[in-house]
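Worksheet for the structure shown next.
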Amino acid sequence: MEARGGNSFRRFLVLAFCVAGIWSAYIYQGVLQETLSTKRFGADGKRFEHLAFLNLAQSVVCFIWSYIMLKIWSTGGGRGGGGAPWWSYWSPGITNTIGPAMGIEALKYISYPAQVLAKSSKMIPVFMGCLVYGVSYTVPEYLCTFLVAGGVSSFALLKTSSKTINKLAHPNAPIGYGLCFLNLAFDGFTNATQDSLKVRYPKTSAWDIMMGMNLWGTIYNLIYMFGWPHGIGYEAVEFCKQHPEAAWDILLYCLCGAVGQNFIFLTISRFGSLANTTITTTRKFVSIVVSSLLSGNPLSAKQWGCVAMVFSGLSYQIYLKWRKLQKPQKKRKPM
């Protein structure tokens, strides 16, 4: 009994460690993302306009990080051990490059809380699953989807405070939400392709996927940003030279993403994807609260109602997944 109690306590400590890691890494990354999209740097008061550069920087840092982790921990993985070969990630690498870039660029047009809510919506991935991949969903799953989408839509239709609008580089809600939903559409394809790779190459590890995706993300972003003399990459680097504070924020942003992915992998390996979904969902809610309190994005009572509507749908979705997991366990119990 003491051994069981000790194991349970250690398991609780590991779970608490994962929650703290995911929350701290991604909440702080959200603060940095919002800072880079709204702040005016230096005496000249210039904005960092090239937010897509964050995608390149993140890909480079995560590629290096995953390569180091594979060297330290992997027993073979994608290097001849049955994992997916590096070239097989070229296709999902395209959508994984374009999608996140659109999500980041949306911050020029809508506030950070609006972006978080929009990216929480599962409407487009569900429709893609139905139409493209022939996936069938239950009525409660559709209810969750429409509850989340309804909350996001209502939030978008409500008037945003002038204080929040004045911080945006180019306020334009239709463009901002459109970019977020395109981000979701590309993410749907990326996730489906990654799943198919894991089926074809069962020994593919999370580190293999992280390295392969970020390798191609780095290649595509380098071509797009530095492939011609006046590419936006040169302008972004020049901005960072003139404003070292922005360069430091970008580095911290990338490190938060890399560290956060470590905690996500640890959570999934120890506690499963359902626990990870629960932690990341609550993290999004906390990110909105932090943005509202610390970053000067006040939300009205109606907007908070929309936030509650979205996270009610997400919470119900988590409950449905948990209930599905409980059914096989009940069947295994002896009569």
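Length gain on complete extension for the stretch residue 199 to residue 146, per 0.36 nm per residue less the alpha carbon to alpha carbon distance?
Working: separation 53, 0.36 × 53 = 19.08 nm, distance 3.03 nm.
In short, 16.0 nm is gained.
What you get for the range 141-213, charging only the Cβ of Lys and Arg (+1) and of Asp and Glu (-1), is a dipole of about 240 debye around the Cα centre.
Between residue 324 and residue 242, what FRET efficiency follows from the Cβ-Cβ distance if R0 is 41 Å, with the result rounded to 0.05?
About 0.15, to the nearest 0.05.
Here the label points at residue 39 and residue 268, each 7 Å from Cα along the C-beta direction, are separated by 3.1 nm in the simple model.
Over 29 Å between Cα atoms: which of 167/284; 284/321; 241/284; 163/284 fall into that group?
Details: 167/284 21 Å; 284/321 19 Å; 241/284 32 Å; 163/284 22 Å.
Beyond 29 Å between Cα atoms: 241/284.
Taking the charge dipole of the chain about its Cα centre, with +1 at Lys and Arg Cβ atoms and -1 at Asp and Glu Cβ atoms, the residue from 32, 226, 192 reaching farthest to the positive side is 192.
Rolling a 1.4 Å probe across the protein heavy atoms gives the chain an accessible surface of 52 Å² per residue.
Computed in the context of the full set of protein chains, the accessible area of the chain at 1.4 Å probe radius has 67% of its extent on carbon or sulfur. Magnitude of the charge dipole for the chain, about its Cα centre and with charges confined to Cβ atoms of Lys, Arg (+1) and Asp, Glu (-1), is about 1460 debye.
Of all complete DSSP H helices in the chain, those with a Cα span along the helix axis of 18 Å or greater and a mean Kyte-Doolittle hydropathy of 0.0 or more are 2-38, 53-73, 90-105, 139-157, 173-200, 206-226, 244-271, 273-294. In this label model, residue 169 and residue 7 are separated by 5.3 nm, measuring between points 7 Å along each Cα→Cβ vector. Note the listed values (1) 178; (2) 148; (3) 126, then indicate which one is volume of the Cα convex hull per residue in Å³ calculated from this particular structure. Label of the calculated value: (1). Would you work out if the range 171-222 is rounded, prolate or oblate? Take a ≥ b ≥ c from the square roots of the eigenvalues of the alpha-carbon gyration tensor; rounded if a/c is under 1.5, else prolate when a/b is larger than b/c, oblate otherwise. It is oblate, given that a/c is not under 1.5 and a/b is not larger than b/c. Our estimate of slack between residue 24 and residue 86, defined as 0.36 nm per intervening residue step minus the Cα-Cα distance, is 19.2 nm. Relative contact order of the chain, taken over Cα pairs closer than 8 Å and 6 or more residues apart, is 34 percent. Would you look at the GNM of the chain, springs on alpha carbons closer than 10 Å, and say which of 60, 19, 286 moves the most? With Cα springs under 10 Å in the chain, the top fluctuation among 60, 19, 286 is at 286.
The values are calculated or read from the model by the stated rules, or taken from the named source; none is laboratory data. If you're wondering where the values come from, they're calculated on a predicted model, not measured in any experiment. Positions of Cβ are backbone-derived with ideal geometry, glycine not excepted, and every protein chain shown enters the neighbour counts. We work out accessible area using only protein heavy atoms, side chains counted, and drop any ligands, DNA or RNA first. Shrake-Rupley method; radii C 1.70, N 1.55, O 1.52, S 1.80 Å.
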